[in-house]
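In what follows, a single structure is set out as structure tokens and then discussed.
The values are calculated or read from the model by the stated rules, or taken from the named source; none is laboratory data. Keep in mind it's a predicted model, so treat the numbers as computed, not measured. Cβ placement follows ideal geometry from the backbone for every residue including glycine, while neighbour counts extend to all protein chains displayed. To get the accessible areas, we keep the full protein, side chains included, count just its heavy atoms, and leave off ligands, DNA and RNA. Shrake-Rupley method; radii C 1.70, N 1.55, O 1.52, S 1.80 Å.
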Amino acid sequence: MVVTERCVGCATCMLVCPKDAIRVEGRAEINRELCEECRKCMLYCPLEAISYVTPELTQKS
Amino acid sequence: MRIAVVGSGLGGLLSAAILSERGYEVEVYEKLPFIGGRFTSFNYRGYEISTGALHMIPHGSRGHLARMLKEAGARVEIIDSKPEGTALYNGEEVEVRKRSFPLRSKLSFALFCLKNRFREVRLSELERRLDDFSARFLRAFLGWSLSITPEETTLTKIYPIYRSTLELGGPGVPAGGCRAVVEALAEVVESNDCKIRRGSKVRSVRKEDYGFSVHLEREAKAFDVVLSDIGHEETAKLCSYRAEKCEPSSGIKYSIAIKQPFIEHTGVLFTLNTRRISGMNQVTNADPNLGKGHFLMAHQPMLTSNVKFEISEGLKDIRELLRGYEYEILAVQSYSDGWPVNRAKAGGEESVKTPLKGLYVVGDGAKGQDIEVEGVALGVEKALQEVETLEF
Ligand SMILES: Cc1cc2nc3c(=O)[nH]c(=O)nc-3n(C[C@H](O)[C@H](O)[C@H](O)COP(=O)(O)OP(=O)(O)OC[C@H]3O[C@@H](n4cnc5c(N)ncnc54)[C@H](O)[C@@H]3O)c2cc1C
Ligand code: SF4
Ligand code: SF4
């Protein structure tokens, strides 16, 4: 899960994350160790600031 | 008449509920999986942490929103604050009443109201003529209720808010918090056989001979009228016309679990000797179900565009204010751009009309002359009047 520039830090993602993997202070930061890629944060973000990048995609870039 | 509502924020749901009560066929589209926009909450570690609002209705049970909730048939209990507010000034808590302000400052205020008839008066001009307490209170009040500073607005825009606060009184907390309000409205909509579609982002709205077609990712539907709860700018993008840019107000909210109560009442505690924090409330005093322990919130406007710096200043204030208390900061939430405190910064009035007949804007991008959700309620009232005058 990648947080983009659009994030304003409203913390809606933190409130809904089932794994408590997100910390927000001005901007969201996702703890990869805890995240299980359920994508809930992505769906609930009002600014569409979180995107899902598959491992293959990350490798290519 | 078939009406589409784009967005399930407070303005969208209030419109939809009243229209559905009046027998219109209404469909609400919400892009997110949840309804309520910036006026709802999630239970986070035992506390109802909101997506925006400080769980307060500016004029409580006597205000415009309360009146329109009744009209919609939405069952919401509002606990009015008593006292309406206090101020923490030089280490002492004083009740905010007309009497709290020195005569000299009241006279300056009257004088500036007179001046304002001949030319636009910035509030910072007035501020300079006030005694220290009144000046600091003005700053804290604007920071708390509008997330702006006196430099950013004028007497003309703020005067109606001052009048309505005198007439209608101060704030109240809805039992169950802001989520209870939007859920009650959604219940009305759904009980009238109208739909609220979550996870349905509207991609475009097109003007047609018969009215409008509303397009989602994979489907389109025909409507006579469209109400948009996403502000003038975003609405214009959906319909491909141009709208003026509107500067939103930004702010930061802190949700705090605190062991011993910090505030004794259900209203606002304005903090006058701080760097940033304008005020605090402790909503569990009004409704203990809003948190498993005492639940304190603090709000500040953003004075610079550096969010991290603003937060560090706010946290310094909190540390000083809560010295000697045992507490934990549950959430720090910042609001700007597309998810702001207010879509239109300076207070004042925004039209509900658009260049297209049959398309109206509701919500805090098209407020009437009052603050926050009271202004939203007045805007909705106006948009509904427009709808009623359309002939089909
Ligand atoms: C920190 C903070 C504290 C506040 N405190 C208070 C308070 O205590 N009291 C008070 O009265 N007010 C308060 N406010 C202001 C109040 O929250 C807002 O005025 C109010 O919630 C605005 O409602 P709205 O109708 O404009 O809708 P919004 O809440 O903006 O909702 C719009 C909805 O439209 C949806 N949407 C957007 N685009 C689309 C699309 N293309 N298709 C479908 N859906 C879409 C969004 O997902 C959202 O759900 C506060 C705000 C903030 C941020
Ligand atoms: S919900 Fe979106 S905008 Fe809000 S903090 Fe999370 S990523 Fe940022
Ligand atoms: S994908 Fe799921 S687990 Fe990972 S951060 Fe987002 S909400 Fe939390």
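Can you give the % of DSSP beta bridges in chain B that are antiparallel, to the nearest 5?
In chain B, approximately 70 percent of DSSP beta bridges are antiparallel ones.
In terms of modelled amide H atoms, which long-range or inter-chain residues lie less than 5 Å from the amide H of B:F101?
none
Give me D for chain B in µm² s⁻¹, whole number, from Stokes-Einstein with Rh from the Kirkwood sum over alpha-carbon pairs, 25 °C and 0.890 mPa s.
114 µm²/s
Of the listed pairs B:K82/B:K106; B:K106/B:K157; B:K237/B:K345; A:K40/B:K201; B:K195/B:K221, which have alpha-carbon separations greater than 22 Å here?
B:K82/B:K106
Over all directions, the average projected area of the alpha-carbon convex hull for segment B:1-108 comes to how many nm²?
Seen from a random direction, the Cα hull of segment B:1-108 projects 11.2 nm² on average.
Taking every DSSP beta bridge that has both residues in the protein assembly as shown, what percent is antiparallel when rounded to the nearest 5?
Given both bridge residues lie in the protein assembly as shown, the antiparallel proportion sits at roughly 75 percent.
What is the helix-to-structure angle for B:103-115, meaning the angle in degrees between its Cα long axis and the longest Cα principal axis of chain B, kept from 0 to 90 and rounded to the nearest 10?
Helix B:103-115 and the main axis of chain B meet at about 40 degrees.
How many Cβ atoms of partner chains, on average, are near each residue of B:19-32 if near means within 10 Å of its Cβ?
1
Under unit Cβ charges (Lys, Arg +1; Asp, Glu -1), what dipole magnitude, rounded to 20 debye, does segment B:186-245 have relative to its Cα centre?
Values: 12 positive and 12 negative charges, 72 e Å.
Its charge dipole is roughly 340 debye.
How much of the DSSP beta bridge set in segment B:1-121 is antiparallel, as a percent to the nearest 5?
55 percent
Averaged over peptide A:40-52, how many Cβ atoms belonging to another chain are found within 10 Å of each residue's Cβ?
2
Using Cβ-Cβ distances only, list the Cys residues of the protein assembly as shown with no partner cysteine under 4.7 Å, sorted by number.
Cysteines of the protein assembly as shown left without a disulfide-compatible partner: A:C7, A:C10, A:C17, A:C35, A:C38, A:C45, B:C113, B:C178, B:C194, B:C239, B:C246.
With unit charges on the beta carbon (Lys/Arg positive, Asp/Glu negative), name the residue among B:A243, B:N273, B:I263 whose Cα is farthest towards the positive pole of the charge dipole of segment B:235-356.
Working it through, the farthest residue towards the positive pole turns out to be B:A243.
Based on Cβ point charges of +1 for Lys and Arg and -1 for Asp and Glu, what charge dipole magnitude is obtained for the protein assembly as shown about its Cα centre, in debye rounded to the nearest 20?
840 debye
Which residue, chosen from B:S228, B:L216, B:S305, occupies the Cα position most advanced towards the positive end of the dipole of chain B, where the dipole is computed from +1 (Lys, Arg) and -1 (Asp, Glu) charges on Cβ about the Cα centre?
Checked the options; the winner is B:S305.
Excluding same-chain residues fewer than 8 positions from B:K357, which lysines have a Cα within less than 16 Å of its Cα?
Correct list for B:K357: B:K207, B:K382.
List the lysines whose alpha-carbon lies under 16 Å from that of B:K292, not counting same-chain residues fewer than 8 positions away?
B:K259
Assigning unit charges at the beta carbon (Lys, Arg +1; Asp, Glu -1) and nothing else, what dipole magnitude in debye, to the nearest 20, does segment A:2-59 show about its Cα centre? Show your work: numbers first, answer last.
Numbers: 7 positive and 9 negative charges, 27 e Å.
The calculation lands at about 120 debye.
State, in square angstrom and to the nearest 100, the accessible area buried between chains B and A, both chains counted, probe radius 1.4 Å.
For chain B against chain A, roughly 1800 Å² becomes buried.
At a 1.4 Å probe, what is the % contribution of carbon and sulfur to the accessible area of segment A:2-59? Please report the intermediate quantities before stating the final value.
Details: 1590 of 3300 Å².
The nonpolar share, carbon plus sulfur, comes to 48 percent.
Looking at B:G338, B:F118, B:L13, which one has the Cα that reaches farthest to the positive end of the dipole of chain B (charges on Cβ: Lys, Arg +1; Asp, Glu -1)?
With unit charges placed on the Cβ atoms, the residue in question is B:F118.
Rounded, prolate or oblate: pick one for the protein assembly as shown, where a ≥ b ≥ c are the square roots of the eigenvalues of its C-alpha gyration tensor, a/c under 1.5 means rounded, and failing that, prolate if a/b is larger than b/c, else oblate.
Oblate, because a/c is 1.5 or more while a/b does not exceed b/c.
On a straight-distance basis, which lysines could pair with B:K308 in a cross-link, Cα separation under 19 angstrom, same-chain partners fewer than 8 positions away excluded?
Hits, sequence-local ones excluded: B:K253, B:K316.
In Å and whole numbers, how far do the C-alpha atoms of chain A stretch along each principal axis, longest first?
31, 23, 18
Would you kindly derive the ³J(HN,Hα) couplings of segment B:8-20 from the backbone phi angles with the Karplus curve 6.51 cos²θ - 1.76 cosθ + 1.60 (θ = phi - 60°), listing them in order in whole Hz, with x for Gly and Pro?
10, x, 4, x, x, 5, 5, 4, 4, 5, 5, 4, 5
Peptide B:247-253: average number of partner chain Cβ atoms within 10 Å per residue?
Rounded to a whole number, the mean comes out at 1.
Show B:F141, B:F133 ordered by accessible area, largest first, where the area counts protein heavy atoms only and the probe is 1.4 Å.
Largest to smallest exposure gives the sequence B:F141, B:F133.
If I take R0 = 35 Å and measure r between the Cβ atoms of B:C246 and B:A175 in this structure, what FRET efficiency does the formula 1/(1 + (r/R0)^6) give, to the nearest 0.05? Mind dumping the intermediate values first?
Numbers: r = 33 Å, r/R0 = 0.96.
FRET efficiency, B:C246 to B:A175: 0.55.
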